[in-house]
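Peer 1: Mind having a look at this structure? Questions to follow.
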Amino acid sequence: MTLYLKDDRFHYELENIMRMFFWRPEIKAGTPEDNVNEYCFAEAAGPDECGRSTLTVDFHENGRRTFLQEPADVGLSEKETEQKMAVLMYRVLSEATGKRPPFGVMTGIRPAKYMADLIERGMSPDEAEKLFVERSLVDREKARLCRLTAETGLKLRKRCDDNGFSLYVSIPFCPSRCSYCSFVSKTVERDRSMTGKYVEALCKELSYTSRITGRLGLKMQTVYIGGGTPTVLSEKELKILTDAIQDCFGAPTEGEYSVEAGRPDTITEEKLSVLKDAGVTRISINPQTANDEVLRRVGRRHTAADIEKCYEMARALGFDNINADLIAGLPGDDLESFKRSVVWAAETLRAENVTVHALTLKRASTLRETESELFSPQAPEMVDFAQKELTSRGYSPYYMYRQKGTVESLENTGYALGGKECLYNLFIMDELQSIIACGAGAVTKLKDNNKNLIERVFDMKYPQDYLERFDEMLLRKDKIEGFYAR
Ligand code: SF4
């Protein structure tokens, strides 16, 4: 399907709306040629000589036309016109396709963060929920989920210190590639020899960075070691890394130290002990599903029983805050199987955090290349079930985000039992404080609280470049000092 835009002003917004309805739409400037039969045309025209402006969306498919045109009120700002165009296009495409993407015209923003911001600025939760439904055409159930998420998140926001930061440490290696993943991780099957040198360089970067945060008098509130799969490192490498974090930054002031242990094929009792001794308080051991056939199909080299063993091992070592990621919509999965996964995560694993992702098909994933048509069409019912089931079991949603390419334009939501929420997840998703990040692929996000501005500092994306251009990259860290000096 091709979207023709008469002018470029609302390109980004309208393309995003189009993408919710069509897989890889083509976007062209101008009006459709005579021989084109399937297209959507959008135009904000005027004012004409009589001062009239109109907004038009004209959709043609299979010989059927869906057309809406509205006058544009005099004095509408560019932003308001964009909003009206988006609503018009959403209504036309909904009518023509029968689809109703659940977040309406809300694209490019994090809905729960936006709702929390509105409430923080004085709007009542009822008004904010109503605004979502009436102005942005958000589904009522989703608006309610945003509200619940925002209300939990707002309580946690109080723990964010203006003079604080969170440390993110990137380990961009995995044991093998899962088919749905587009993350730029290296598989250690091919790059085992690199991890030792990588950890060595990373420790130098941590040391350099800690001198900067020390000079600035910033205090580290939380730590998050993510990836990739950090537990792909050897026990010795994990010890070197966690020692370096301790030596450079000390313990996080909010007492929160998370590590993605990710896949059971990388977890050993010795590695978990190293993490426990280092003061790690929260780990993720991610099943994605309890269905072994689905796990095999997406290239995860483990079974649900392997996950259970890892949980038992971690519990025996005293870990009392474990996250389980689940994915709704995986190929070969169905609603009943997904329901079993949710109940299993809560009942058998007794995971304190359950993060429910909707499958995202990104450009670089092999799944997108091979099985894009085979994802489970029941993903909307799956995430709805997860919400009802988890909240009935005492979990609360506390952070949410959406990604491009997610099946049925769904959301990812983090649920946790009271007191077990991951502050880091909220701080980064709601952009509440600076995230100082080290390692290949890491992005430092510096937050200016006065101007509500974020400045990014990028590390090298790939481990090879990270090692080869290390000195050059280290100098980029000086931008942190420059930012705070301003
Ligand atoms: S899903 Fe996780 S474990 Fe699998 S390849 Fe991606 S980052 Fe690695």
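The values are calculated or read from the model by the stated rules, or taken from the named source; none is laboratory data. This structure is a prediction, so every number in the text was calculated from the model and none was measured. Positions of Cβ are generated from backbone atoms using ideal geometry, with glycine treated the same way; all protein chains shown enter the neighbour counts. All accessible areas refer to the heavy atoms of the entire protein, side chains included, with ligands and DNA or RNA removed. Shrake-Rupley method; radii C 1.70, N 1.55, O 1.52, S 1.80 Å.
Peer 1: With every protein chain in place, what's the accessible area of T152 (1.4 Å probe, Å², nearest 10)?
Peer 2: Answer for T152: close to 20 Å² accessible.
Peer 1: If Lys and Arg each add +1 and Asp and Glu each add -1, what is the summed charge of the other residues whose beta carbon sits under 13 Å from the beta carbon of V343? Write out the running numbers ahead of the final one.
Peer 2: Values: positive: K339, R340, R350, K388, R393; negative: E336, E347, E389.
Cβ neighbours under 13 Å give a net charge of +2.
Peer 1: Calculate, in nm to one decimal, what D471 and N16 gain on full extension: separation in residues at 0.36 nm each, minus their alpha carbon distance. Spell out each step's value before the answer.
Peer 2: Values: separation 455, 0.36 × 455 = 163.80 nm, distance 3.90 nm.
Full-extension gain reported as 159.9 nm.
Peer 1: Ok, one more. Against the longest principal axis of the chain, how steep is helix 140-157, in degrees 0 to 90 to the nearest 10, with axes from Cα atoms?
Peer 2: Approximately 40 degrees, to the nearest ten.
Peer 1: Next question. Once fully extended, how much extra length lies between E200 and R100, figured as 0.36 nm per residue of separation less the alpha-carbon to alpha-carbon distance? If you can, show how the numbers build up before the last one.
Peer 2: Details: separation 100, 0.36 × 100 = 36.00 nm, distance 5.03 nm.
Roughly 31.0 nm would be gained on extension.
Peer 1: In degrees, nearest 10, range 0 to 90: what is the angle between the Cα axis of helix 235-249 and the longest Cα principal axis of the chain?
Peer 2: 80
Peer 1: Using the beta-carbon distance between A29 and E80 and R0 = 25 Å, what value does 1/(1 + (r/R0)^6) give for FRET efficiency, to the nearest 0.05? Working shown, then result.
Peer 2: On the way: r = 23 Å, r/R0 = 0.92.
Efficiency computed from Cβ-Cβ geometry: 0.60.
Peer 1: While we're here: Any idea how far apart V36 and R215 come out in nm if each label point goes 7 Å out from Cα toward Cβ?
Peer 2: It is 5.5 nm.
Peer 1: Output the antiparallel fraction of DSSP beta bridges having both residues in the chain, as a percent to the nearest 5.
Peer 2: Values: 33 of 73 bridges.
Roughly 45 percent of the beta bridges in the chain run antiparallel, per DSSP.
Peer 1: If you don't mind, there's one more thing I want to ask. Tell me the label-point distance for the pair T268, N450, using the 7 Å Cα-to-Cβ offset, in nm and rounded to one decimal.
Peer 2: About 5.2 nm, to one decimal.
Peer 1: What are the extents of the Cα atoms of segment 2-97 along their three principal axes, in Å, largest first?
Peer 2: Extents along the principal axes, in whole Å: 36, 26, 23.
Peer 1: Once neighbouring chains are kept in place and the probe is 1.4 Å, which whole percent of the accessible area of the chain is contributed by carbon and sulfur? Working shown, then result.
Peer 2: Numbers: 9880 of 21030 Å².
With neighbouring chains kept in place, the figure for the chain is 47 percent.
Peer 1: A follow-up question, please. About the Cα centre of the chain, what is the dipole size in debye to 20, counting +1 per Lys and Arg Cβ and -1 per Asp and Glu Cβ, all else neutral? Walk me through the numbers before you get to the answer.
Peer 2: On the way: 68 positive and 77 negative charges, 177 e Å.
Approximately 840 debye in magnitude.
Peer 1: Which one, N450, P331, Y257, projects farthest toward the positive side of the charge dipole computed for segment 160-472 from Cβ point charges (K/R +1, D/E -1)?
Peer 2: Highest projection toward the positive end goes to N450.
Peer 1: Here's another thing I want to ask about it. What is the mean projected area of the alpha carbon convex hull for segment 130-198, to one decimal in square nanometres?
Peer 2: Over every viewing direction, the Cα hull of segment 130-198 projects on average to 8.8 nm².
Peer 1: With each run of n ≥ 4 DSSP H residues scored as -39500 (n - 2.57), what mean residue ellipticity at 222 nm is computed for the chain after dividing by its residue count and rounding to the nearest 500 deg cm²/dmol?
Peer 2: On the way: 18 runs with 202 residues, N = 486.
So the helix-based figure for the chain works out to -12500 deg cm²/dmol.
Peer 1: In terms of modelled amide H atoms, which long-range or inter-chain residues lie less than 5 Å from the amide H of A437?
Peer 2: Correct list: Y168, T444, K445.
Peer 1: Could you name the lysines whose alpha carbon sits less than 16 Å from that of K420, not counting residues in the same chain fewer than 8 places away?
Peer 2: K155, K158
Peer 1: List, largest first, the extents of the alpha carbons of segment 111-156 along their principal axes, each in whole Å.
Peer 2: So the extents along the principal axes, rounded to whole Å, are 28, 18, 14.
Peer 1: Can I ask one more? Which of the peptides 410-417, 331-338, 279-286, 19-26 is most tightly packed, and how do the rest follow, going by the mean number of other Cβ atoms within 10 Å of each residue?
Peer 2: Working: 410-417: 24.8, 331-338: 18.8, 279-286: 22.4, 19-26: 15.8.
Listed from highest to lowest mean packing, they are 410-417, 279-286, 331-338, 19-26.
Peer 1: Between the helical axis of 379-392 and the dominant principal axis of the chain, each derived from Cα atoms, what acute angle in degrees is found, rounded to the nearest 10?
Peer 2: In the chain, helix 379-392 runs at an angle near 60 degrees to the longest axis.
Peer 1: Another question, if that's okay. So what are the radius of gyration and Dmax for the Cα set of the chain, in Å?
Peer 2: Cα only, the chain: 23.8, 78 Å (Rg, Dmax).
Peer 1: Just how large is the dipole of segment 111-156 about the Cα centre, in debye to the nearest 20, putting +1 at every Lys and Arg Cβ and -1 at every Asp and Glu Cβ? If you can, show how the numbers build up before the last one.
Peer 2: Values: 9 positive and 9 negative charges, 19 e Å.
The calculation lands at about 80 debye.
Peer 1: Restricting to segment 1-113, compute how many DSSP beta bridges are antiparallel as a %, nearest 5. It would help to have the intermediate numbers written out before the result.
Peer 2: Numbers: 15 of 23 bridges.
Of those bridges, close to 65 percent are antiparallel.
Peer 1: Determine ³J(HN,Hα), in whole Hz, for all residues of segment 268-279 in sequence, where each value follows from phi through the Karplus function 6.51 cos²θ - 1.76 cosθ + 1.60 and θ = phi - 60°; x replaces Gly and Pro.
Peer 2: 10, 4, 5, 5, 4, 5, 4, 5, 4, 5, 7, x
Peer 1: A further question follows. Taking only protein heavy atoms and a 1.4 Å probe, what accessible area per residue, in Å², does the chain have with all protein chains in place?
Peer 2: 43
Peer 1: When only DSSP loop residues count, what trypsin sites (Lys or Arg not before Pro) in segment 430-467 have their Cβ near at most 13 other Cβ atoms within 10 Å?
Peer 2: On the way: sites: K445, K447, K451, R456, K461; in loops: K451, K461.
In loop regions of segment 430-467 (DSSP not H, G, I, E or B), the sparsely surrounded trypsin sites (Lys or Arg not before Pro) are K451.
Peer 1: For K28, list long-range residues whose amide hydrogen, built 1.01 Å from N in the peptide plane, is under 5 Å from its own amide hydrogen.
Peer 2: Here the answer is L3, Y4, L5, since their amide H atoms fall under 5 Å of that of K28.
Peer 1: Further question: Report the full-extension gain for the segment Q69 to R52: residue separation times 0.36 nm, less the Cα-Cα distance, to one decimal in nm. Walk me through the intermediate numbers first.
Peer 2: On the way: separation 17, 0.36 × 17 = 6.12 nm, distance 1.26 nm.
Gain in length upon complete extension: 4.9 nm.
Peer 1: Let me ask you something else. Just name one of V169, S124, A143: the one whose Cα is farthest towards the positive end of the charge dipole of segment 109-220 (beta-carbon charges, Lys/Arg +1, Asp/Glu -1).
Peer 2: V169
Peer 1: A follow-up question, please. For segment 379-454, restrict the atom set to alpha-carbon positions and state the Rg and Dmax in Å.
Peer 2: 15.3, 41
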